[in-house]
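The values are calculated or read from the model by the stated rules, or taken from the named source; none is laboratory data. Because the structure is a prediction, the values reported are computed rather than measured. Here the Cβ positions follow ideal geometry from the backbone for every residue, glycine too, while neighbour counts run over all protein chains shown.
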Ligand SMILES: [Zn+2]
């Protein structure tokens, strides 16, 4: 038995508490997993009924027996967050010249990534210290707002099939089969040499030079966004590119390219520096 908790068990424990720490007045989405009935030192197990998802602060308190087993079991059945509530969190990543890799396309210094006519869906803003911050609205097929992020602060319905926001604050992912949605947002840092090594097979050398020259210092911070959206039509984003399927609407991609009445469009590995500068 290893301490690594199987994914299925982690998913079950997060969903059980509606994706927020179940302790009264907490609700933090940055969850870890606590073995309590019996505790790990008495018996090595990954039985969901004897485990609970808690934020790091309350996990530490649980390790020191702040909560009785009876209280922990009651947190599992009546968690602080209900299925009608929203879960909120934030990315504390604040960097100038953030390199965004969104559906295989790279953006530096861009503001508008996706627009539905004039409605912003995915865009970047700068704070007073010129740090790049993320803004993202995700709607269902019926135009209902189901995920919202403003300047790195995010909000999501706890009724999703799965939400994972790891305590390191590097990653947020969520998915829902009925809503046909899936999103993964991951921040990372690289030295310039490691960045080039990681991406040199995907993008031309001269792009690597452009990217590296835009970043002062030796550290490159990346924000990778991939997933599947259904509003205003089907958008599939992965490391190799972005596919758009749908018709009858209009979307502006990469800040500058406006598509009208397009049934299928695939954007592969573009580089966008600022708004409206698209290198293919
Ligand atoms: Zn907590």
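This table checks each residue for (1) buried (at least 17 other Cβ atoms within 10 Å of the Cβ); (2) over 21 Å from residue 85 (Cβ atoms); (3) modelled with pLDDT of 95 or more.
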position	(1), (2), (3)
139	yes, no, no
146	yes, no, no
149	yes, no, yes
153	no, no, yes
158	yes, no, no
163	yes, no, yes
171	no, yes, yes
175	yes, no, yes
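Any chance region 100-119 includes a residue that's free of Cβ contacts under 8 Å to residues at least 60 places away in the same chain and away from the ligand (no atom under 16 Å from the Cβ)?
yes
For region 185-196, which positions are in a strand (DSSP E or B) and crowded, with 17+ Cβ neighbours inside 10 Å? Don't jump to the end; show me each part of the working.
Filtering region 185-196 down to residues in a strand (DSSP E or B) leaves 185-191.
Listed by number, the residues that qualify are 185, 187, 188, 190.
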Query raised in the report: Scanning for something more than 16 Å from the ligand (Cβ to nearest atom) and in contact with a helix residue (DSSP H, G or I) (Cβ under 6 Å, 6 or more places away or on another chain), does region 24-40 turn up at least one residue?
Result: yes
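Quick check: is even one residue across region 69-86 at pLDDT 90 or above, within 30 Å of residue 38 (Cβ to Cβ) and assigned to a strand (DSSP E or B)?
Taking every residue of region 69-86 in turn, none turns out to be at pLDDT 90 or above, within 30 Å of residue 38 (Cβ to Cβ) and assigned to a strand (DSSP E or B).
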Requested in this report: Any chance you could count how many residues in region 41-55 are more than 15 Å from the ligand (Cβ to nearest atom), over 18 Å from residue 70 (Cβ atoms) and part of a strand (DSSP E or B)?
Outcome: 0
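To keep it simple, each residue is scored yes or no on (1) in contact (Cβ under 8 Å) with a residue 40 or more places away in the chain; (2) under 20 Å from residue 89 (Cα atoms).
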| site | (1), (2) |
| --- | --- |
| 1 | yes, no |
| 7 | no, no |
| 23 | yes, yes |
| 33 | no, yes |
| 36 | no, no |
| 41 | no, no |
